[in-house]
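Engineer: Attaching a single structure in structure tokens format; questions to follow.
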Amino acid sequence: MQDVQVDGVDGLWAGWCHEGAAAELVRSLKYGRKTAAVTVIADRMASAAPAGPAPDLVTWVPCSPTRRRERGFDPAELLARALARRLGLRARRLLRRLDDEPQTSRSLSGRLAGPRMAVRGGRSGGLILVVDDVCTTGSTLRAAAAALRSGGAAGVVAAVATVAPAAPRQPAALPLP
């Protein structure tokens, strides 16, 4: 797997490529409600964290309100809170969705546009780590980074459980198991 680059995101790392057992693990969390998968995924994400300045705060890309009601939880929130614990950082909900359409039900053009987001309750400065479960096109992370920057973030880095093989790439290698 290669390093991923998304416009507006200063750095991004992934636990695995979104295929095989790793993709099944994420799907079991999202669609099978197997929250025990969070432990394995967060451990992997933490082990893949690059060296460098520590973020000031961890947040997550919120799922659509409909998906949250259906599941009873937000997978990205569970991952962000678990990853924050492993990295010794604080986690706080900074983003809110301005739409209710899940990315998976959007057309290609809708997926590329990404969800609309805004910062909740004021401004947040510093370096923010935003967590999501999967990076496919990079659009969701781009939208999250734009909202965080408009809310005062000095920088935005991102971590995802898996990255799709077709995601935007640069030629630096990341280790895989």
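The values are calculated or read from the model by the stated rules, or taken from the named source; none is laboratory data. Worth saying up front: this structure is predicted, and the values here are computed from it rather than measured. When we count neighbours, we look across all protein chains shown, and the Cβ atoms used for this are built from the backbone with ideal geometry, even at glycine. In case anyone asks, the SASA skips ligands and DNA or RNA and just uses the protein heavy atoms, side chains included. Shrake-Rupley method; radii C 1.70, N 1.55, O 1.52, S 1.80 Å.
Engineer: Would you confirm whether any residue within the range 70-86 is in a loop (DSSP other than H, G, I, E, B), open to solvent by less than 70 Å² (accessible area, probe 1.4 Å), modelled with pLDDT of 90 or more and of a type in the set (D, E, K, R)? So that I can check it myself, show each step before the final result.
Structural biologist: Restricting attention to the range 70-86, the residues satisfying the condition of being in a loop (DSSP other than H, G, I, E, B) are 72-74.
Next, only the ones that are open to solvent by less than 70 Å² (accessible area, probe 1.4 Å) stay: 72-74.
Next cut, modelled with pLDDT of 90 or more only: 72-74.
Going one step further and asking which of them are of a type in the set (D, E, K, R), we end up with 74.
Checked the range 70-86: at least one residue is in a loop (DSSP other than H, G, I, E, B), open to solvent by less than 70 Å² (accessible area, probe 1.4 Å), modelled with pLDDT of 90 or more and of a type in the set (D, E, K, R).
Engineer: Any idea which of (1) open to solvent by less than 60 Å² (accessible area, probe 1.4 Å); (2) at pLDDT 95 or above is the one residue 90 doesn't satisfy?
Structural biologist: (1)
Engineer: Same structure, new question: Tell me, please, whether a residue that is in a helix (DSSP H, G or I), surrounded by 21 or more Cβ atoms within 10 Å (Cβ to Cβ) and without any contact (Cβ under 8 Å) to a residue 60 or more places away in the chain can be found in the range 43-57.
Structural biologist: We begin by selecting, within the range 43-57, every residue in a helix (DSSP H, G or I); these are 43-47.
With the extra rule that they be surrounded by 21 or more Cβ atoms within 10 Å (Cβ to Cβ), the set shrinks to 45.
Then keep just the ones that are without any contact (Cβ under 8 Å) to a residue 60 or more places away in the chain; that gives none.
Checked the range 43-57: no residue is in a helix (DSSP H, G or I), surrounded by 21 or more Cβ atoms within 10 Å (Cβ to Cβ) and without any contact (Cβ under 8 Å) to a residue 60 or more places away in the chain.
Engineer: Which of the residues belonging to the range 125-135 are touching a strand residue (DSSP E or B) at 6+ places or on another chain (Cβ under 8 Å), of a type outside the set (D, E, K, R) and open to solvent by 10 Å² or more (accessible area, probe 1.4 Å)? Break it down stepwise before answering.
Structural biologist: Taking the range 125-135 and keeping what is touching a strand residue (DSSP E or B) at 6+ places or on another chain (Cβ under 8 Å), we get 126-135.
From the residues that got through so far, the ones that are of a type outside the set (D, E, K, R) too are 126-131, 134-135.
Correct list: 126, 127, 134.
Engineer: Within the range 136-146, work out how many residues are in contact with a strand residue (DSSP E or B) (Cβ under 6 Å, 6 or more places away or on another chain) and surrounded by fewer than 24 Cβ atoms within 10 Å (Cβ to Cβ).
Structural biologist: 1
Engineer: Follow-up question, since we're still on this one. So residue 23 fits all but one of (1) under 14 Å from the mean Cα position of the chain (by Cα); (2) open to solvent by less than 80 Å² (accessible area, probe 1.4 Å); (3) touching a residue at least 40 places away in the same chain (Cβ under 8 Å); what number is the exception?
Structural biologist: If we test residue 23 against (1) under 14 Å from the mean Cα position of the chain (by Cα); (2) open to solvent by less than 80 Å² (accessible area, probe 1.4 Å); (3) touching a residue at least 40 places away in the same chain (Cβ under 8 Å), just (1) comes out false.
Engineer: Just checking, how many residues over the range 147-162 are under 15 Å from residue 13 (Cβ atoms) and either open to solvent by 10 Å² or more (accessible area, probe 1.4 Å) or not in a strand (DSSP E or B) (or both)? Break it down into steps so the answer makes sense when it comes.
Structural biologist: Of all residues in the range 147-162, those under 15 Å from residue 13 (Cβ atoms) come to 155-162.
Subset that is either open to solvent by 10 Å² or more (accessible area, probe 1.4 Å) or not in a strand (DSSP E or B) (or both): 157.
Of the residues in that region, 1 qualify.
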